[in-house]
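Structure first, commentary second.
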Amino acid sequence: MNAENLEVRPLIVGAGGLVGRLLTERCESRYPHTVSATRSELDITDRWRTEAELERLAPTVVINGAAMADVDACERDPERAMQVNAAGPANLAQACRGAGIRLIHLSTDYVFDGEVPAGVEYDEADQPNPVNVYARSKRAGEDAVLDGLADSVVLRISLVFGPGRPTFIDKIAAAAINTRERIPIVDGWTTKPSFNLDVVLALEEILASDVTGVWHFANGPACSRYEFARSILELLGEDPERVQPVPLSTLTLPARRPPRTPLSTQRFAARFGRKPRPWTEWAGPYLAAHPPAPQR
């Protein structure tokens, strides 16, 4: 353990999440003074508690993965969404600003409206235009972090999967293995699936660097939910024709989704000297290591 690692004291907020849990494990092995907090341990919507905890723990960097991420739940309860996704990061930013602490904040591709042609990706200079409550609250959180806090990073990611809890890939795999029926999947919502370990590796690189501002990270290539589901079945040795495309026009959901939100990672690749690995390289080994349990 070198002296530099001993000087870094990360505080990981939202440590119970898909990214936060894995980030905690890796940071604890690298930075012995790492502290992690789940929502029950540190509710960032409580401004005074947040400021008191940061003063008590005295981290050198806060990594915020806390969020209300259920898009439809946010639409049904906009007040709570704004509290968690906007006011919470604002509280963290204010506490970090006062104590001179660096803040790295996780955000989402959903801050964009998705009205781009096929083949076009959003880069960090593109103007966000949220189309639902979740996205508006996350955009407000970004603004709160970036406004007046020079030593801050906003990292936008998309469609995260991986060990920790069941996600889209696990649900499709379970349906493929445990039924012989067709699997209805929406034919739309194009984005880049991202493996949580790869997101954590990107966060580690950002943590060890001096970068600031907005950054994008996601595993390519871009695909629709329908295309992603077909690939999952192929990786399982199942017939991808079992995936039945469901037109967007037939869905009735509380929240509108942006149709196309692939994130460009050119800036990340130029700064850190590597391109994110294709999600197809991660999905196969992940499914082999975490096969769906057969239902009886």
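The values are calculated or read from the model by the stated rules, or taken from the named source; none is laboratory data. Since the model is a prediction, treat every value here as computed from it, not as a measurement. Because the Cβ atoms are built from the backbone with ideal geometry, glycine has one as well, and the counts that use them run over all protein chains shown. Protein only, heavy atoms only, side chains kept; ligands, DNA and RNA dropped before computing areas. Shrake-Rupley method; radii C 1.70, N 1.55, O 1.52, S 1.80 Å.
Tabulated data
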| read-out | value |
| --- | --- |
| Residue ID - nearest to the chain's Cα centre (by Cα), chosen from residues in the stretch 52-68 that are surrounded by fewer than 20 Cβ atoms within 10 Å (Cβ to Cβ) and assigned to a loop (DSSP other than H, G, I, E, B) | 60 |
| Residue among 139, 156, 97 that is in a helix (DSSP H, G or I) and surrounded by 19 or more Cβ atoms within 10 Å (Cβ to Cβ) | 139 |
| Any hit, the stretch 199-222, residues being surrounded by fewer than 16 Cβ atoms within 10 Å (Cβ to Cβ) and touching a Leu at 6+ places or on another chain (Cβ under 7 Å) | no |
| Lone qualifier among 179, 191 - being crowded, with 16+ Cβ neighbours inside 10 Å, closer than 27 Å to residue 239 by Cβ and of a type in the set (Ser, Thr, Tyr) | 191 |
| Any hit, the stretch 147-163, residues being of a type in the set (A, V, I, L, M), on the phi > 0 side of the Ramachandran plot and touching a residue at least 24 places away in the same chain (Cβ under 8 Å) | yes |
| Any chance residue 49 is touching an Asp or Glu at 6+ places or on another chain (Cβ under 7 Å) and surrounded by fewer than 21 Cβ atoms within 10 Å (Cβ to Cβ) | yes |
| Search result, residues across the stretch 4-35 that are touching a Ser or Thr at 6+ places or on another chain (Cβ under 6 Å) and either part of a loop (DSSP other than H, G, I, E, B) or open to solvent by 40 Å² or more (accessible area, probe 1.4 Å) (or both) | 8, 9, 15, 16, 28 |
| Looking only at the stretch 276-296, and only at residues there that are among the hydrophobic types (A, V, I, L, M, F, W, C) and assigned to a helix (DSSP H, G or I), the one that is surrounded by the fewest Cβ atoms within 10 Å (Cβ to Cβ) | 289 |
| Of residues in the stretch 28-80 being touching a residue at least 60 places away in the same chain (Cβ under 8 Å) and of a type in the set (A, V, I, L, M, F, W, C), the one farthest from residue 257 (Cα to Cα) | 61 |
